[in-house]
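**Q** The structure follows.
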Amino acid sequence: MDYQIIATLGPSSDTEAIWRRMLAAGVTGFRLNTSHLSLPQLEAWVERLGAFLATHNLPPFLVLDLQGSKWRLGQFPACELTEGQRVTLVCAASADRPNELPVPHPDFFRAASVSGREIVLNDAKLRLRLETQDADALHARVTTGGPIIPRKGITYTASTHRQESLSDTDRAILTHTQHLPGIRYALSYVKDAMEMANYRTQIGRSAYLIAKLERRPAMDEAMQIAATADEVWLCRGDLGAELGATAMAASVYHFSERVGAMPVPVLLAGQVFEHMAEHPTPTRSEVCAAHDALMKGYQGFVLSDETAIGHDPVESCQAAALFRR
């Protein structure tokens, strides 16, 4: 059985020796989550990877995530939020005051008026309830606490807000990388077919664009989104944050029933072998779920924490390649 395996690179997988072992294990492409990198850091990664990949007769491709309409926290001291705690979300790149969390996206604050009162962070592991709003700050109470670190995702569980253009950061990434061979772009948090069509117009017809399905409207319009994308990823982390676990499971089930009819390749992403981030083997349920996905028509997997920060990134790649044997 032939299928793609895309490995996300990070602190656990930042050497050429590991890249070689990953490719030997069956990896077909690498991924960098640019939201966790400054532009100089990204340039350093791309330079090293480019030199390494150029030594191969058939170089693997490199996927760069673009933030698209996804919101993330800025920089602040890692902390623990507790239930009932009051926090202030400020429109800033960084913050160091107690009970403040920076969100460097002005449109996040504009979206408050067309969104629900619940705000979720880090794939809905933490939840806030919006209480009051100022011009450049939101005041909320923690309803589900836990540890939080910089650059984690943040969103409203319900919103009609639309992102109409690429961010300055995304444009800078495109400027520095679009001329390079083998580069693909994965657009995060695509809202619907209209938004994906906007991205295609802004980036150009020649770029290889991947639409990440992470929102309810995107799931509903997956076929139309595929009309302007070269590939689609089903990303269950943010999708679960928006829909909740039960509705997410139902949405994934119905989408998976029509994967085979999609006009472009569809890959499964998000916690595919999450157990292996800390353990040497996948769970039996992960193996069964991966097998079922391939049988339904998914054309590969995107590994994230398993290979970026996991215990043994090469073992995770070997687990993803089990069904090639």
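**Q** Report every pair of residues separated by at least 6 positions or lying on different chains whose Cβ atoms are under 7 Å apart, first residue within segment 190-205 and in contact (Cβ under 8 Å) with a residue 60 or more places away in the chain, second basic (K, R) and open to solvent by 20 Å² or more (accessible area, probe 1.4 Å).
**A** Close Cβ pairs satisfying both conditions: K191/R162; K191/R215; E195/R162.
**Q** Suppose we keep only residues that are among the hydroxyl-bearing types (S, T, Y) and closer than 18 Å to S316 by Cα within segment 12-57. Which one would you say is least open to solvent (accessible area, probe 1.4 Å)? Write out each step before concluding.
**A** Quick first cut of segment 12-57, residues among the hydroxyl-bearing types (S, T, Y) only: 12-13, 15, 28, 34-35, 38, 55.
Of the ones still in play, those that are also closer than 18 Å to S316 by Cα are 12-13, 15, 28.
Working: S12: 32, S13: 0, T15: 55, T28: 45 Å².
Ranking the qualifying residues of segment 12-57, first place goes to S13.
**Q** Since T157 meets every condition but one in (1) among the β-branched types (V, I, T); (2) surrounded by fewer than 17 Cβ atoms within 10 Å (Cβ to Cβ); (3) closer than 26 Å to L32 by Cα, which condition does it not meet?
**A** (3)
**Q** Can I ask one more? Kindly provide the set of residues from segment 53-72 that are modelled with pLDDT of 95 or more and either more than 22 Å from D123 (Cβ to Cβ) or touching a Lys or Arg at 6+ places or on another chain (Cβ under 6 Å) (or both), ordered by number.
**A** Of everything in segment 53-72, those that are modelled with pLDDT of 95 or more and either more than 22 Å from D123 (Cβ to Cβ) or touching a Lys or Arg at 6+ places or on another chain (Cβ under 6 Å) (or both) turn out to be F61, L62, V63.
**Q** Ok, one more. Aliphatic (A, V, I, L, M) and within 27 Å of E80 (Cβ to Cβ): which single residue out of L121, L174 fits that description? So that I can check it myself, show each step before the final result.
**A** On the way: L174 fails: within 27 Å of E80 (Cβ to Cβ).
It is L121.
**Q** E274: surrounded by fewer than 23 Cβ atoms within 10 Å (Cβ to Cβ), over 24 Å from E118 (Cβ atoms), of a type outside the set (A, V, I, L, M, F, W, C) and within 17 Å of the chain's Cα centre (by Cα), yes or no?
**A** Details: surrounded by fewer than 23 Cβ atoms within 10 Å (Cβ to Cβ): yes; over 24 Å from E118 (Cβ atoms): yes; of a type outside the set (A, V, I, L, M, F, W, C): yes; within 17 Å of the chain's Cα centre (by Cα): yes.
In short, yes.
**Q** Answer yes or no: is there a residue in segment 231-242 that is modelled with pLDDT of 95 or more, within 27 Å of A290 (Cβ to Cβ) and aliphatic (A, V, I, L, M).
**A** yes
**Q** Kindly indicate whether any position in segment 58-69 is without any contact (Cβ under 8 Å) to a residue 40 or more places away in the chain, of a type in the set (A, V, I, L, M) and surrounded by fewer than 13 Cβ atoms within 10 Å (Cβ to Cβ).
**A** Among the residues of segment 58-69, at least one is without any contact (Cβ under 8 Å) to a residue 40 or more places away in the chain, of a type in the set (A, V, I, L, M) and surrounded by fewer than 13 Cβ atoms within 10 Å (Cβ to Cβ), which makes the answer yes.
**Q** Here's a follow-up. Scan segment 127-142 residue by residue and report those that are over 16 Å from P102 (Cβ atoms) and buried (at least 16 other Cβ atoms within 10 Å of the Cβ).
**A** Matches in segment 127-142: R127, L130, V142.
**Q** Hey, another quick one. Take the residues in segment 70-88 that are among the charged types (D, E, K, R) and either in contact with a Pro (Cβ under 7 Å, 6 or more places away or on another chain) or open to solvent by 70 Å² or more (accessible area, probe 1.4 Å) (or both); name whichever of them is farthest from Y156 (Cα to Cα). Lay out the reasoning, then the answer.
**A** Initial filter on segment 70-88 (among the charged types (D, E, K, R)): 70, 72, 80, 83, 86.
Still in the list and also either in contact with a Pro (Cβ under 7 Å, 6 or more places away or on another chain) or open to solvent by 70 Å² or more (accessible area, probe 1.4 Å) (or both): 80, 83, 86.
On the way: E80: 20, E83: 18, R86: 17 Å.
This residue is E80.
**Q** Given (1) at negative phi; (2) surrounded by fewer than 18 Cβ atoms within 10 Å (Cβ to Cβ); (3) not charged (D, E, K, R), identify the lone condition not met by C317.
**A** (2)
**Q** When you scan segment 179-192, do you find a residue that is buried (at least 17 other Cβ atoms within 10 Å of the Cβ), of a type in the set (D, E, K, R), under 17 Å from the mean Cα position of the chain (by Cα) and more than 28 Å from L53 (Cα to Cα), even just one?
**A** Yes, that holds for at least one residue.
**Q** State the number of residues belonging to segment 152-173 that are at pLDDT below 90 and in a loop (DSSP other than H, G, I, E, B).
**A** Number satisfying all stated conditions: 10.
**Q** Need a quick list: strands (runs of 3 or more DSSP E) entirely within segment 1-96 having at least 3 residues that are under 17 Å from the mean Cα position of the chain (by Cα) and closer than 19 Å to D305 by Cα.
**A** Numbers: elements: 4-8, 29-32, 61-66, 79-81, 86-90.
Passing ranges, in order: 4-8, 29-32, 61-66.
**Q** Is segment 258-265 home to any residue that is of a type outside the set (D, E), buried (at least 20 other Cβ atoms within 10 Å of the Cβ) and out of contact with any helix residue (DSSP H, G or I) (no Cβ under 9 Å at 6 or more places or on another chain)?
**A** Initially, segment 258-265 is screened for residues of a type outside the set (D, E), giving 258-265.
Remaining after also requiring buried (at least 20 other Cβ atoms within 10 Å of the Cβ): none.
So far as segment 258-265 goes, no, none of its residues is of a type outside the set (D, E), buried (at least 20 other Cβ atoms within 10 Å of the Cβ) and out of contact with any helix residue (DSSP H, G or I) (no Cβ under 9 Å at 6 or more places or on another chain).
**Q** Every residue in segment 102-127 that is of a type outside the set (S, T, N, Q), over 19 Å from Q67 (Cα atoms) and either within 21 Å of the chain's Cα centre (by Cα) or part of a strand (DSSP E or B) (or both), please.
**A** Applying the first criterion (of a type outside the set (S, T, N, Q)) to segment 102-127 yields 102-112, 114, 116-121, 123-127.
Imposing the further condition that a residue be over 19 Å from Q67 (Cα atoms) reduces the set to 112, 114, 116-118, 125-127.
Listed by number, the residues that qualify are E118, K125, L126, R127.
**Q** Could you list, in sequence order, all residues of segment 201-218 that are assigned to a helix (DSSP H, G or I) and either in contact with a His (Cβ under 8 Å, 6 or more places away or on another chain) or open to solvent by 10 Å² or more (accessible area, probe 1.4 Å) (or both)? Please lay out each step first, then the result.
**A** Pass one, segment 201-218, residues assigned to a helix (DSSP H, G or I): 201-203, 216-218.
Once the filter is applied, which keeps residues that are assigned to a helix (DSSP H, G or I) and either in contact with a His (Cβ under 8 Å, 6 or more places away or on another chain) or open to solvent by 10 Å² or more (accessible area, probe 1.4 Å) (or both), segment 201-218 yields T201, Q202, I203, R216, P217.
The values are calculated or read from the model by the stated rules, or taken from the named source; none is laboratory data. Note that this is a predicted model, so its numbers are computed, not measured. When we count neighbours, we look across all protein chains shown, and the Cβ atoms used for this are built from the backbone with ideal geometry, even at glycine. With ligands, DNA and RNA removed, areas are computed over all heavy atoms of the protein, side chains included. Shrake-Rupley method; radii C 1.70, N 1.55, O 1.52, S 1.80 Å.
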